[in-house]
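Just so it is clear, none of the values below were taken in a lab; they were calculated from the coordinates. For clarity, every value in this text was computed on a predicted model and none was experimentally measured. Backbone-built Cβ (ideal geometry, glycine too); neighbour counts: all protein chains shown.
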Amino acid sequence: MLTRVDKIVIAALVLLSLAAYPIIRLRAPVGGATLEIESMGEPYAVVEMDRRDTVRVPGRLGDSVIEIDENGARFIETAGPDTSCIDQGYITDAGEMAVCVPNRVLIRVIGKSDIDTDFISR
């Protein structure tokens, strides 16, 4: 059974988590980042992520539409019945990517990262 102190600690952790979520989720893309777009395995375009833009990319099944805004980059339309690439949401940090497999379109953030190291091996 939970004591009064346990309930206070749990409530404090929940409130801290809820307060941190907007800061983590809504942070802007890192300055200097670019979006690399590939279509059917070939480079299609490189777009700066510091301005709003919409890019129509031809794919195997038809066009995919990519939106770039202050939240990052994401698929907003794609050809074919599968909408899993739209459901992936925004990508913002260097190294992140979203892929529309049926249409063979890939978007990847390239550039400066606010994280120096993502893995250390010895």
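Structure summary
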| item | result |
| --- | --- |
| Some residue of the range 61-75 being part of a loop (DSSP other than H, G, I, E, B) and over 15 Å from the mean Cα position of the chain (by Cα) | yes |
| Residue in the range 82-92 that is surrounded by 14 or more Cβ atoms within 10 Å (Cβ to Cβ), over 17 Å from the mean Cα position of the chain (by Cα), assigned to a loop (DSSP other than H, G, I, E, B) and touching a residue at least 12 places away in the same chain (Cβ under 8 Å) present | yes |
